Structure formats: structure tokens, C-alpha cells
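The values are calculated or read from the model by the stated rules, or taken from the named source; none is laboratory data. In this text, all values refer to a predicted model and were calculated from it rather than measured experimentally. Positions of Cβ are generated from backbone atoms using ideal geometry, with glycine treated the same way; all protein chains shown enter the neighbour counts. For accessibility, only protein heavy atoms count, side chains too; no ligands or nucleic acids. Shrake-Rupley method; radii C 1.70, N 1.55, O 1.52, S 1.80 Å.
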Amino acid sequence: MRKELPRTGRTKEALLDEMRAMKAGDTDWQRGRAPLFVFKATQELYETNRAAFFEFFTENALGGRRAFPSVKRMEDEVVEMALSLFNAPPDAQGTMTTGGTESIIQAVQACRDWTRKQRKAPRLRGNIVAAESVHPAFNKGAKLMDLEVRRAPVGLDFRADPAAMEALIDDETMMIVGSAPCFPYGVIDPIETLGALAERRGLWLHVDACVGGYLAPFAKMIGRDIPVFDFSVPGVSSISADLHKFGFAPKPASTVFYRTPDKAEFNSFDFSDWPNGRFLTPTIVGTRPAGGVAASWATFEFLGVEGYKQIARDLMSFIDAYKAGIRAIDGLEILGNPHLSIVAYGSKEFDVFRVAEIMHAKGWLPGLVQKPKAIHRMMSMIHAVSLDEYLADVRAAVGVVRQQGPQQASIKATY
Ligand SMILES: Cc1ncc(COP(=O)(O)O)c(C=O)c1O
């Protein structure tokens, strides 16, 4: 039976009781049992974020220019601080969005319109050439804009293979893509080589730093070996970077940046042919939560460079311990050489999805890669809390799988 709107309302207390009871059936993310979806650095930052978000709970970032200069100022300052972080030239521009998908769709649309103008080909259909490991958001954007996405196999190190990508480029290619890092394997693609390719072929290189954008610069500052991925690479035209992932701001918050104003020009939507006059929005959405803007600004100001470096230190030491723990389990191996906090591990000896099934039964929601089969986690400090418990459960699960002998898992990889 379809649920209907209740005839009369209930008290706040009654509702909160019910919502909390509903939550009891959710994955226990606070103890690191969700392989992705949630991010946390420290309790102090979490509390600051909540306070900042609720301070601007009702305001609307759509009205930033006219009604809420406070929101506009915070948005502009977030973009400026991030542009500096990504070594952008002085006239580079950017905007906040509500997520990685929106940032990517914005960049794809700006690239399409810029390329059509450059090539004086307003009807050019266009294609995007990317490694097979790039996020589905590129296909989502392509679907909306009737573009084609061509995915090239990754190399043996699971990074984008520039030669395999170049083989897919033709006269209709508009954009090439590199990830920093890609979601499936957590490795940063060879952005310098892709930048050179983009320059040589006159193409727009988008770097999808949705995952790594606000972690990689600080990991580098603390001495980690992080390949260059930002505007210091000459061929990079645009970058997407999510604040609501490893920027540690609450959802919804992401950013997209363009190297030059002539490219940024195609990002916004400007329309006047309706009864209410000029309708100018920086992105495809209209109403946007000001809470996401305010909390992102507060996160930057609360942490500063030193705060982010400390988070990178804590997180990367945890990841080192995690990798060492996985490597110490006989039969498991980590795919490639993950640069940040996404790690996937598989096995040449048994079906690792069987391990995932046993882990699932113990309350660990599995994150899975299907090519090659692997167990996948995008981790933050929430996962550090249960490191020992997780590793002990994996070790025990591997033991069970070995004992059971050859058996195929029935679980399927689902994002
Ligand atoms: C590499 C990468 N790009 C883009 C996205 C899309 O981000 P969102 O889920 O915020 O739309 C993700 C999400 O995990 C991602 O891992």
C-alpha cells in the first residue's frame, strides 16, 4: 500500500525517535563498515562543519549575488583559495557546485561549447577519450549532451595509458581525461604525459581530482610521492575537486576550475528571454544549499594549510598500516600502487568476492571492483577506528575461503 501524507503532524521528538530507530538498520559507518559514501577527519572539524552548515541552513546560494553577499563572499573565497592550491594562473576561474558529478558535467559542457566555437563547428557531435577507470559521471554528462565516451584500457600499473588513449582520438575528439586518482584503483594517472598529448593534439585535458584534489597537495607537502596533477601541468584546461570528499566539508560541495577566462566563459548559464529578465547561474542547478558553501569556507578557515597537513599525516599513516596489514595476509595483493586513500586488493589464489561475502555477513558492506576482481575501500579516519578488527576479519575470511576450496561467489560488484 502506498504511504499517504499523515492527516495530522507529530512532534519533533516523535519524529527524531523514529528516524533514529530507522538508522539502526543502516550500515554502521561510524565504525568504518561502509566502504565509501562518508568521510571524516576529526571530531572538532565535524562539529565546526555542523555549526557552519546550520548557520546558513535556510539561505540559498542561488541568491548569493543579490540577497546574500555573505554567501557570495564565502563562495568566492573558497574558489580563490582552491585556485592557489592548484597553482592556477592569475586569470583562472572556478565555481562551487553540489558534487563531483555536477563539476564534471559543467567541465564537459564548457569544453563542448568552447571546442565548437574554436573549430567553428556548431554541430560537431564530439567525443571524450578517457581511461576505462574514469568515473561514470563523464558518461552521464555525455548522455545529457549526446556526446560519445571512448574508454581506453589502463596500463599494467592500472594508470591511464596515454598511447592507448591516443589511439582512440579522432577529428571529433574534444576532451581527454585523467584522474587524480581514479576511483577503481586509487592511482593518479600520468597527467604530465596526458598534458603533453593534449597540447600536441590541440585538445582540452580535464583532470578529475574529485577524490584527490584536497588531499594530494597536502600529502605532497608532508613528503609523500605524489605525481603532479594540477595547473602546473601546461596542458590542463580544467580540474574538478570535491570538497565533500577529502576536503572534509559536508555534502553538498565540490568545485570546478578553468585555466583561462575564455574557457570559464562557457561554464555559466545566462538567459534573459522569459518574463523575469536575466537569469544567470554559475552552474546547471538553480537553488543551491548555502550550508554547503558556508561549511566549506569554515573548513578551509578552520584547518588552514597546517590543519590539512595534519589530516594528511594521520590519514596516510593509517593507510600505510592498512596496506601493510593487507599485504601480510597470505594470498592477498594490492592492485597497483595507490597514491592516496583508495585501496583495492585482490587474489590470484582464490575468488576474493568470497572473502567479501563472508565480510558482508559480519557487517562490513563490501566495495567491489570487477576488473580485476578486488575488494575496494575509499577510506578516511572513520576507517582507522576499526583497522585491527577489519584486518582480523579479513584474515579469518581468507582462512575460511581457503578451507572451503574452489567456490564461485554470487555477489556482484555494485557501486
Ligand atoms: C574519481 C571520482 N570522480 C567523480 C566522482 C563523483 O562525485 P559525486 O558522487 O560527488 O558526484 C567520484 C565519486 O566517488 C569519484 O570517485
Report task. Starting from residues that are within 20 Å of D388 (Cα to Cα) and acidic (D, E), keep the ones in the range 332-373 and report whichever is surrounded by the fewest Cβ atoms within 10 Å (Cβ to Cβ). Result -> E333
Query raised in the report: If only one of A249, A241 is within 11 Å of the ligand (Cβ to nearest atom), crowded, with 23+ Cβ neighbours inside 10 Å and not in a helix (DSSP H, G or I), which one is it?
Result: A241
Query - Leading residue by the ranking (most open to solvent (accessible area, probe 1.4 Å)) among those in the range 313-327 that are closer than 18 Å to D393 by Cα and free of Cβ contacts under 8 Å to residues at least 12 places away in the same chain - result: R327
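Looking at G292, G277, G286 in this structure, which one is outside the structural domain of V352 (by TED's automatic domain parsing) and either aromatic (F, W, Y) or open to solvent by less than 10 Å² (accessible area, probe 1.4 Å) (or both)? Break it down stepwise before answering.
Numbers: G277 fails: either aromatic (F, W, Y) or open to solvent by less than 10 Å² (accessible area, probe 1.4 Å) (or both); G286 fails: either aromatic (F, W, Y) or open to solvent by less than 10 Å² (accessible area, probe 1.4 Å) (or both).
Just one listed residue meets the conditions, G292.
Rundown of residues vs (1) in contact with a strand residue (DSSP E or B) (Cβ under 8 Å, 6 or more places away or on another chain); (2) touching a residue at least 12 places away in the same chain (Cβ under 8 Å); (3) in the same structural domain as V293 (by TED's automatic domain parsing), yes/no style:
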| residue | (1), (2), (3) |
| --- | --- |
| E13 | no, no, no |
| D17 | no, no, no |
| R20 | no, no, no |
| A34 | no, yes, no |
| E75 | yes, yes, yes |
| V78 | yes, yes, yes |
Query raised in the report: Does any residue of the range 163-179 turn out to be in contact with a Pro (Cβ under 9 Å, 6 or more places away or on another chain) and open to solvent by 10 Å² or more (accessible area, probe 1.4 Å)?
Result: yes
Requested in this report: Look at N60 and say whether it is farther than 25 Å from T281 by Cβ, open to solvent by 30 Å² or more (accessible area, probe 1.4 Å) and either acidic (D, E) or assigned by TED's automatic domain parsing to the domain that holds I284 (or both).
Outcome: no
Report task. Would you mind stating whether A88 is buried (at least 23 other Cβ atoms within 10 Å of the Cβ) and within 16 Å of the ligand (Cβ to nearest atom)? Result -> no
